[in-house]
Amino acid sequence: MLARYSIRAKITIVVCFLLIAMSTMGGLAMKQMSDINNSTVEIARSWMPSVRVLGEIRAATITYRAIVRSHLLANTESGKQAQEVLLKKWIDNVEKAHKRYEPLINSAEERAFYNESKAAWNEYLDGVKQILILSRKNEDNEARALHTKASLASVKSDEILQKDIDLNNEGADRAAADAAESYAAAMKMVLMSLVLA
């Protein structure tokens, strides 16, 4: 069957086949490289910034809670006022971090964690208002008792923030695994095209 074709025609068919095969593999390799890029962008623009800002929220809330305890321990009016200045600064830091995080939320599960954590944090802040009133009046036993109850809400908020951080870390790990898989597939395509060449 092939004998009826000239050598020139046979070479042309083989060259065309190789060009089509190499072009197809090149296109597939380009698609794999695009997938690598998308995974990398997802890690850089979504997952890691979320983890960083959630870490900032946790750090700011922990500092705020420590200052509330310092307010309870302060036994002079000036000491309590100094702690209140710090409380104002740190609650602003918490709110700024919350505002930076909200646009980074990209799933319903992440939104649910955030809303639950923020509700628990707000519950803690409501308790802190009463704690500070009692602390200013030097009603230390009552303030400490209320602080013990209110702290449960802040601990709950912190635990939920950790779940949100874990969720974002898992997302980053999945995106990294996808990038590695795409890279391996792209390298196979490149190697195959080299073999054909």
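Worth pointing out:
- For segment 1-103: accessible area per residue (Å², 1.4 Å): 64
- Given (1) 1.82; (2) 1.10; (3) 1.17, the label whose value is Cα Rg over 2.2 N^0.38 Å derived from this model: (1)
- Shape of segment 1-104, Cα gyration tensor, a/c cut at 1.5: prolate
- Sorting 113, 17 on solvent-accessible area from highest to lowest, probe radius 1.4 Å, gives 17, 113.
- Fraction of accessible area attributable to carbon and sulfur, segment 1-119 (%, probe 1.4 Å): 65
- Counting only alpha carbon atoms, the long axis of helix 77-101 and the longest principal axis of the chain meet at about 20°.
- Label-point gap, in nm, between residue 13 and residue 82 - each point 7 angstrom along Cα→Cβ: 9.3
- In degrees, nearest ten, helix 140-196 long axis to first principal axis of the chain (Cα): 10
- Relative contact order, percent, the chain [alpha-carbon distance under 8 Å, six or more residues apart]: 39
- With all protein chains modelled, accessible area of residue 62 [1.4 Å, Å²]: 80
- In a reduced charge model with +1 at each Lys and Arg Cβ and -1 at each Asp and Glu Cβ, segment 91-197 shows a dipole moment near 260 debye about its Cα centre.
- In units of the rule-of-thumb radius 2.2 N^0.38 Å, segment 98-157 shows an alpha carbon radius of gyration of 1.42.
- Top positive-direction residue, dipole computed over the chain with Cβ charges, set 28, 176, 61: 28
- Straight-distance crosslink candidates among lysines, where the alpha carbon sits under 29 Å from residue 31 and sequence neighbours closer than 8 are dropped: 188
- For the chain, the longest principal axis of the alpha carbon atoms and the long axis of helix 7-42 meet at an angle near 0°.
The values are calculated or read from the model by the stated rules, or taken from the named source; none is laboratory data. Just so it is clear, the structure is predicted and the values come from calculations on it, not from any experiment. So basically every Cβ, Gly included, is an ideal-geometry build from the backbone, and we count neighbours across all protein chains shown. For accessibility, only protein heavy atoms count, side chains too; no ligands or nucleic acids. Shrake-Rupley method; radii C 1.70, N 1.55, O 1.52, S 1.80 Å.
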